[in-house]
Each structure stands twice: as structure tokens, then as C-alpha cells.
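Down below is the structure, laid out as C-alpha cells.
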Amino acid sequence: MNKALLIVDDDQRVLKSLDRELHREGYEIFLAGSGEEGLQLLKQHDIAVVLSDLRMPHMDGVTFLEEVRQFKPEVVRLVLTGHGSKENAIEAINRSGVFSYIAKPWSPAELKTVITKAFQHYHLAAENRRLLALTQSQNRELKNLNADLKKSNQELAELNQLKNKFVGIAAHDLRNPLNTISGFSEILLYLDIGPLNKEQHEFLTNIHNTAKETTALVNDLLDVSVIESGKLVLNLQTGAITKLIEDRIAISRLIAEKKGLKIHTQFQETPEVRFDPRRINQVFDNLFTNAVKYSPEGANIYIEITAEENRVKVSVRDEGAGISEAEQTRLFGAFQKLSTQPTGGERSTGLGLAIVKKIVTAHGGTVAVDSRPGSGSTFSVLFPAAL
């Protein structure tokens with residue numbers, strides 16, 4: 001800690017007296033008989049506080065202290081003045097920002113108090129400067145990091161756009177040959193074109209099912225590509241969502257019955273909403289299919305439509321294995337494979353819930369899950385009511 005004190009006075013008796021008294025307080029004392037000598041000492045040493053007489057030959061105290069202020073503004077300046085020059089000391093304080101003054105003759109207690117406060121002021125100001133410099137340095141570093149992050153985000157956005165373009169082109173080009181494979185394999189399986197032995201029938205069934213599963217994946221990839229590239233266009237209409245959901249349940253019920261599942265519905269009267277029927281079909285097809293896919297044989301699925309203030313809520317509850325809290329944080333991300341497995345050997349692309357969330361968000365709605373391992377899962381979709 002800096003305890004260097006420079007005393008400037010043309011009276012050697014004053015210098016010796018002050019040196020003697022202040023040395024006992026542990027200060028590092030530098031003495032100068034003139035302003036010129038004091039400036040030289042300032043250049044050579046790290047001085048914290050300067051105590052200067054006002055009346056000196058050649059360079060008076062006010063001029064000297066002004067030089068100090070210009071040369072080392074961080075140095076705390078004090079005036080040493082006689083009784084008859086108190087007004088001059090006050091003028092120096094007002095004009096040059098001098099910290100305080102000590103009157104001759106001084107009392108030891110007053111001298112100690114003023115010098116102590118001057119050093120406290122110096123160290124407090126030094127700490128403030130250090131903190132300011134640290135803050136400025138951190139701000140510069142943060143600014144640089146923000147610039148780097150912005151650049152990285154821009155590069156990632158460009159790469160993601162390129163990826164979406166590539167995925168879109170690849171998926172589009174794959175869909176036609178897959179449809180051909182699926183179509184011809186279905187013809188061979190179900191039209192009367194001649195007898196098939198057991199092995200041939202098994203091979204064709206595998207080809208047909210694989211083509212259908214791959215086509216579903218390609219369609220999901222196309223949807224993700226369209227949504228993430230910002231090209232999702234909604235053809236909105238206003239109406240009740242109940243009829244659409246009933247139609248999707250009717251399709252899912254056929255699949256559910258093959259697993260011995262029962263679908264229970266409870267619909268309240270709800271306000272109309274604005275929605276794109278084709279895209280909302282995708283949302284509920286995914287949610288209903290998942291409920292069937294992850295439910296054990298003989299279980300129940302509960303689908304409810306309720307009104308909540310100015311929103312319409314659709315809930316899909318199953319009696320499946322449930323989802324851990326840790327896995328729920330990844331649930332709506334693309335290509336997420338969770339530990340919960342379909343109960344009937346069904347396949348999953350890992351894209352369905354990601355598509356659901358993006359479509360619902362595009363409608364101004366929200367989607368959430370409430371689940372615990374061993375207690376099933378409830379997926380809830382909320383849409384704002386049409387105003």
C-alpha cells in the first residue's frame with residue numbers, strides 16, 4: 001500500500017518538524033524546499049499525497065499544486081498555510097480541487113487526521129480506478145466475445161441454412177423412388193399376379209414396410225427443412241378444432257384396436273381458433289400415434305378438449321412407461337432418441353415431437369408434457385382463441 005508523502009516548504013524548520021511527527025505514523029516522507037524540487041521528486045517516486053506551503057519564492061504553492069494536478073492527477077493535494085492565509089487555502093481548494101488544508105501552527109491530532117483522510121481518499125480513488133479499469137477491460141472482452149459469438153451464430157445460421165437446403169433436395173429426390181418401391185411392392189403383395197411362396201411373401205412384406213417407414217422419415221425431414229428454413233406458410237382458417245380432432249382419432253382408433261387399446265374422449269364446448277388444418281393434422285397424428293406406440297396392450301388413452309380462459313387446450317394422456325425429468329428437456333429436439341421404447345416394435349424417426357412443437361409455436365400456441373416414470377405421460381397443446 002502506497003504511504004509516500006511529499007512535503008514542500010521553503011522553511012527547513014517546518015520540513016524537519018513535519019518529517020519528525022509523520023515518520024512516527026509510518027509514512028514514507030520526501031522533503032522538498034521548493035516547487036521545482038518537489039516536481040523532480042514526483043517524477044522519481046510514486047507519491048500518493050503532497051502537502052505544500054502556499055507562500056514560496058520562485059514557484060508559489062498554488063502554481064506548484066496546479067502543476068502536480070496536470071502531471072499526476074491521481075495525487076491527493078494538501079495546502080499548508082499560516083493563520084493569515086486561510087482564505088488563500090480555501091481559494092486553492094475551490095479553484096484547483098485541493099483536498100484540504102493544514103494551518104500553521106498545527107496540532108498533532110489535526111495533522112494526523114487530515115493526512116490520514118488524504119491517504120484514505122487516495123487509496124479509495126485508486127481502488128475505484130482499478131475497478132473501473134477492470135470493468136472497462138471486462139466490457140471490452142465481453143464486446144469481443146459478443147462479436148465472436150455473433151460471427152459464430154451467423155456462420156452456424158448459414159451452415160444450418162445450407163444443411164436445410166441439402167436435406168430438402170435429398171429428401172425430395174428420395175421420395176419418388178421410395179414411392180415407386182412402396183407402390184410396386186404393394187401391387188406384388190395384394191394384387192392377383194400369381195402365387196408367392198412364403199419366403200417371397202416375407203421378403204416383399206419387408207420391402208414394403210421398409211419403404212413406407214423410409215418414406216415417413218423423408219417426409220419428416222422435408223417438414224423440418226421447410227420449418228427451419230423459415231419457409232413454413234400457414235393457410236389459416238377460423239373454426240372449431242373439435243371436428244378435426246375427431247377425424248384424427250377415428251384413424252388412430254383403428255391402429256389402437258390392433259393393440260387392444262381403448263381411446264376415451266371428453267370434449268367441452270370451446271371457442272374457435274385460427275389454424276392450418278393440414279399442419280394441425282400433423283400435430284395430432286403425431287401425438288395420437290405416439291400415445292398408441294408407447295402404450296402397453298390393453299391400456300387406455302384419454303383425449304380431452306377444454307377451454308382455459310382465452311385458450312383451447314387439447315390433452316393426450318397415455319398409460320405408458322413415462323418419461324424421466326432429465327429426458328423431458330430433450331423431448332422436443334430433432335433426432336432425440338429416448339430410453340422409452342415403443343411397446344409393439346414400432347419405429348420412431350425422432351422428429352415427430354420436434355415438428356409438433358414448431359407447428360404449434362407457428363400458430364402462437366404452446367406444447368408441454370407432464371410425465372413421471374411408471375405413471376404415463378400427458379401431452380398438452382394450447383391454442384389462442386380467435387379474437
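What does DSSP give for the chain in terms of the percent of beta bridges that are antiparallel, rounded to the nearest 5?
50 percent
Just by accessible area at a 1.4 angstrom probe, what is the order of H58, H201 from largest to smallest?
In descending accessible area the options line up as H58, H201.
Calculate the spin-label point distance for R253 paired with N144, positioning each point 7 Å from the Cα along the beta-carbon direction, and give it in nanometres.
If labels sit at N144 and R253, their model points lie 6.7 nm apart.
Which value, in Å², gives the accessible area per residue of the range 1-79 when a 1.4 Å probe is used on the protein heavy atoms?
48 Å²
At a 1.4 Å probe, what is the % contribution of carbon and sulfur to the accessible area of the chain?
Carbon and sulfur: 53 percent of the exposed surface of the chain.
Among [x] 47; [y] 53; [z] 22, which one is percent of Cα pairs over 38 Å apart computed from these coordinates?
Matching the structure shown: [y].
Between L217, L191, L331, where does the largest GNM mean-square fluctuation fall for the chain, given springs only between Cα atoms within less than 10 Å?
Highest fluctuation among the options: L191.
Holding the Cα-Cα limit at 24 Å, pick out from K231/K293; K293/K357; K43/K112; K258/K357 the pairs that are longer than that.
Exceeds cut-off: K231/K293; K43/K112; K258/K357.
Leaving ligands, DNA and RNA out of it, rank V75, V369 by accessible area with a 1.4 Å probe, largest first.
Putting V75, V369 in descending order of accessible area: V369, V75.
Expressed as a whole number of Å, what is the distance separating the alpha-carbon centroids of the range 231-256 and the range 44-66?
88 Å
What does the charge add up to near A362, with Lys and Arg as +1, Asp and Glu as -1, over the other residues with Cβ less than 12 Å from its Cβ?
Once all neighbours under 12 Å are counted, the net charge is +2.
Can you give the helix-only mean residue ellipticity at 222 nm for the chain, where every DSSP H stretch with n ≥ 4 adds -39500 (n - 2.57) and the sum goes over all residues, rounded to the nearest 500 deg cm²/dmol?
Taking each H run of at least 4 residues, the total per residue is -18500 deg cm²/dmol.
What does the charge count around D247 come to, taking other residues whose C-beta lies under 13 Å from its C-beta (Lys +1, Arg +1, Asp -1, Glu -1)?
+2
The values are calculated or read from the model by the stated rules, or taken from the named source; none is laboratory data. No experiment lies behind these values; they were computed from the predicted model shown. Using ideal geometry, Cβ is built from the backbone for each residue, glycine included, and neighbour counts are taken over all protein chains shown. With ligands, DNA and RNA removed, areas are computed over all heavy atoms of the protein, side chains included. Shrake-Rupley method; radii C 1.70, N 1.55, O 1.52, S 1.80 Å.
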